[in-house]
Amino acid sequence: MKRLMALLLMLCIALTGMALAEDELYEEVDDSEFNEDAVVPVVGAVYPDKVLSDFDSNSPALYTARMTAYTSGYVERDIESERVFRVGDASARGEVLYIDPTWVIMRYQGKLAYVKRHRIFSVTPVDSSTTPPYGTQKHAYVAKTATNCYVRKSMSDQDESWVVLNPGTTISIWCMYDGWAVVNYMRSYGYINLDQLTDLTPVSPTDNPLREDTPIAAYTSYYKMVDTEKNHNRIFNIARGSELISGIYQPGDVFDGNKIMGPYNKGKGYLPAGALSDGTTTTSYGGGTCQVSSTLYNAVVNAGLTLNFTDEKEKDPATGKAWHESWCYEHGIADYVAEVAGQDTLTPVFSCESEAVGRDREDQPDYKVRMSAAFCFSNKVQMLEYYHNSSWLEHGGSPEHAVRTAFVYQINKYLKDKNLYKKGESTISFQDVQDCLVYVSSSFSTRTSYENQTKKAITNKFVSQAMTDFLKHYLEVYFLEKPEEAQKICQQVLVNKQSREHAEKTRQSIKKTLSTQIDLANRVQKFVDCRTKDASRRELYIVEGDSAMGAVKQSRDSDYQAIMPIRGKILNCLKADYARIFKSDVIVDLIKVMGCGVELGGKHNKELATFNLDNLRYNKIVICTDADVDGYQIRTLVLTMLYRLTPTLINEGYVYIAESPLYEINTKDHTYFAYTEPEKATFLKEIGDKKYTIQRSKGLGENDPEMMWLTTMNPESRRLIKVQPADVEETARVFDLLLGDNLAGRKEHIAEHGAEYLDDLDVS
């Protein structure tokens with residue numbers, strides 16, 4: 001590869017250093033055919049002198065095109081010469097064999113003749129490489145403006161100009177003829193008199209050896225111009241960023257745009273200007289430099305170069321070096337899909353491409369659209385991405401509508417044709433397809449309508465229609481040619497549908513269950529509420545069994561302390577599915593009592609994610625269990641339930657554990673409560689030679705009310721442990737290890753750490 005001249009890659013920003021036009025230039029533009037009605041020449045300033053005799057009825061055509069009404073074809077390049085044919089129908093199409101600045105040679109109904117260029121419109125290339133749509137066509141030259149340079153709307157020095165370029169501005173040129181350079185401005189074609197240009201340099205010419213400073217790619221970007229102070233600053237920042245990245249880079253050299261252009265502050269010479277941040281317009285120093293970066297990026301992409309990305313702040317844990325990754329997809333989006341999907345897929349990657357010509361409305365001109373798509377099916381990876389004119393469409397728009405329609409249509413047709421639906425069974429939805437689809441599309445059009453200024457979706461009706469027909473056709477061909485893969489795809493989609501419907505039934509059941517309110521006619525069994533309605537004072541004690549409930553009930557402050565008993569051992573919510581969880585009366589009752597709802601993870605449970613912290617009826621959720629193995633287990637199961645269904649309560653500090661004493665030590669003058677073995681040893685040392693009695697706690701149910709109030713219920717003397725998971729992921733890992741399905745991990749943990757807990761075993 002020859003030297004990459006970053007200067008020229010960058011300098012293809014045609015707006016760098018330009019003066020503002022007197023009138024506002026609007027961004028809503030038309031990328032229709034050249035002059036909206038003529039063939040686009042691809043390369044070269046010189047047209048070979050070809051005549052009718054150089055062609056015959058079998059000569060290959062460059063394009064097909066429609067002709068205006070009353071179009072005439074002549075024997076010579078002269079409207080006074082003999083007329084070969086006359087067309088009175090604007091829908092008539094002919095074949096273009098040759099072009100020059102004024103005339104084309106056409107073949108119509110087997111007859112060859114000269115036709116004026118302005119009589120040609122709706123041009124479609126026979127060979128897609130001849131005149132690809134906007135965004136794929138490579139620029140042929142770059143040049144600098146020698147003087148104040150006018151970009152005009154036609155090839156006339158008298159015609160209106162779009163914008164004035166300052167001297168020394170570098171521009172990229174699509175082609176040249178008849179003393180004019182054709183440039184792309186605001187996604188339309190503009191014209192510059194060649195007398196105003198200097199330093200004309202070809203871009204990757206095939207017939208001449210490259211000089212060391214010859215660019216290998218060129219790209220032109222644009223933006224809306226408004227005559228405001230902020231826009232002056234934006235233009236200044238673009239020029240400043242372009243100036244900073246000027247230079248020649250050898251193959252293997254590292255180019256870091258942020259290092260070279262940054263930091264983006266006043267000290268670097270930047271001015272405050274408008275910039276986009278997460279779709280929101282802000283003002284910051286260096287606003288506009290993203291224009292430089294994106295232009296350079298597109299130039300490199302269109303040149304097919306390898307992109308190397310290095311993040312020196314992020315280290316590779318395997319090597320300890322800066323994180324580095326390279327991209328160069330030889331087969332375009334097909335390689336990208338293959339990389340994302342990985343090795344273990346249901347089907348190999350399938351790719352297809354096509355072109356179409358049409359219009360969004362009858363009163364609008366025709367335009368071209370070029371479409372390519374690549375996809376595979378996987379039950380492990382799911383991704384949908386849409387690109388248009390080299391830009392990512394976050395919200396899709398027309399391409400997304402096409403994908404939804406085409407895939408559902410073809411797969412539904414297959415399932416019906418193969419009688420795979422049960423009697424009365426509903427048909428599939430796109431969600432069922434999306435759950436196993438890895439899909440990327442890239443489209444280009446010469447006319448583009450965006451949903452809004454953020455340009456995250458396009459709204460072209462013809463693009464949607466063309467892509468729908470395109471995908472339907474190729475999916476039909478794909479299913480016919482690959483019946484085994486078609487069967488795998490459709491069976492997986494059917495499984496996804498059935499899983500979704502089962503989940504929906506479960507959701508409806510859960511929704512009905514959780515929507516039931518606590519009232520006089522529907523009381524939670526054995527639940528004892530408190531009197532105050534002030535949620536900031538209310539406390540809920542979750543206790544195990546009726547005996548513990550009796551002791552707590554007698555010792556509580558009924559004004560603000562409520563009691564919820566756990567009947568038996570609660571379900572392990574970490575291992576159970578939602579359907580089983582919400583069949584548990586204990587869990588459902590507890591959720592009703594708390595009043596805040598649940599947080600259900602997963603895309604199928606969005607409508608059940610009705611958790612609202614404002615509806616929580618208590619300021620403290622206190623888990624109160626015996627200080628033995630069974631009590632610890634129940635405590636852990638309750639925590640697991642809260643962690644899975646209401647994790648916010650833990651994260652926000654509403655969940656507590658009430659410590660209960662292990663020992664009651666009595667002397668003549670004092671009673672000691674020891675919550676741990678070290679505490680017991682400390683108290684005994686303090687008592688010394690005094691007579692004492694010591695009693696191990698047998699459970700909360702055997703504690704007298706005075707002792708329960710003193711040790712467990714009284715805010716002044718009780719011990720509460722606030723559950724504060726510093727690391728939610730670590731908490732999840734521990735829960736999964738101890739209570740989940742990781743049997744091998746649990747065995748390993750017990751083998752490694754079991755000896756540490758032998759003294760705590762309640763065995764005899």
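Farthest towards the positive end of the charge dipole of the stretch 333-500, among the residues N412, F462, Y336, is the Cα of N412, using unit charges on the Cβ of Lys, Arg, Asp and Glu. Excluding same-chain neighbours fewer than eight residues apart, the lysines reachable from K456 by a Cα-Cα span under 19 Å are K224.
Placing R0 at 41 angstrom, the Cβ-Cβ distance between T102 and R359 gives a FRET efficiency of 0.90 after rounding to 0.05. Qualifying trypsin sites (Lys or Arg not before Pro) in the stretch 338-445, where qualification requires a DSSP coil assignment and no more than 14 other C-beta atoms within 10 Å, comprise R361, K380, K418, K422, K423. Based on every Cα atom in the stretch 412-460, Rg and the maximum pairwise Cα distance Dmax equal 17.4, 48 Å. Put simply, the amide H of H388, placed in the peptide plane, has neighbours under 5 Å in L393, S443, leaving out anything fewer than 5 places away on its chain. Report note on the peptides 631-637, 55-61: ranked by the mean count of other C-beta atoms within 10 Å, highest first, their order is 631-637, 55-61.
Expressed per residue, the C-alpha convex hull volume of the stretch 333-500 stands at 125 Å³. Neighbour counting of Cβ atoms within 10 Å sorts the residues E664, E677, fewest neighbours leading, into E677, E664. In summary, the lysines within cross-link reach of K461, defined as a Cα separation below 16 angstrom excluding same-chain residues under 8 places away, comprise K368. Among 314-320, 526-532, 339-345, 439-445, sorting by the average number of other beta carbon atoms lying within 10 angstrom of each residue, highest first, gives 439-445, 526-532, 339-345, 314-320. Pairs K259/K313; K413/K472; K553/K668; K422/K488; K533/K620; K423/K497: which exceed 22 Å Cα-Cα? From K259/K313; K413/K472; K553/K668; K422/K488; K533/K620; K423/K497, over 22 Å: K553/K668.
Karplus-based coupling profile of the stretch 58-66, in residue order and whole Hz: 9, 5, x, 8, 7, 9, 10, 8, 8, with θ = phi - 60° in 6.51 cos²θ - 1.76 cosθ + 1.60 and x standing for Gly or Pro. In this structure, the amide hydrogen of G190, modeled 1.01 Å from its nitrogen in the peptide plane, lies closer than 5 angstrom to those of V183, N184, Y185, counting only residues at least 5 positions away or on a different chain.
For the stretch 423-506, the list of GluC sites (Glu not before Pro) that fall in a loop by DSSP and count at most 13 other C-beta atoms within 10 angstrom reads E425.
Sorting V408, V183, V51 by the number of Cβ atoms found within 10 Å of their own Cβ, with the fewest placed first, yields V51, V408, V183. Indicate, rounded to the nearest 5 percent, the antiparallel portion of the DSSP beta bridges found entirely in the stretch 333-500. Of all bridge pairs located within the stretch 333-500, approximately 70 percent are antiparallel.
Other residues within the sphere of radius under 10 Å centred on the Cβ of G286, judged by their own Cβ, net out at +4 (K and R +1, D and E -1).
Among T169, T201, T459, the ranking by other beta carbons within 10 Å of each residue's beta carbon, starting with the fewest, stands as T459, T201, T169.
Coordinate-derived values only; no laboratory data. Bear in mind the structure is a predicted one, so any value in this text is a computation, not a measurement. Every residue, glycine among them, receives a Cβ derived from its backbone with ideal geometry; neighbour counts consider all protein chains shown.
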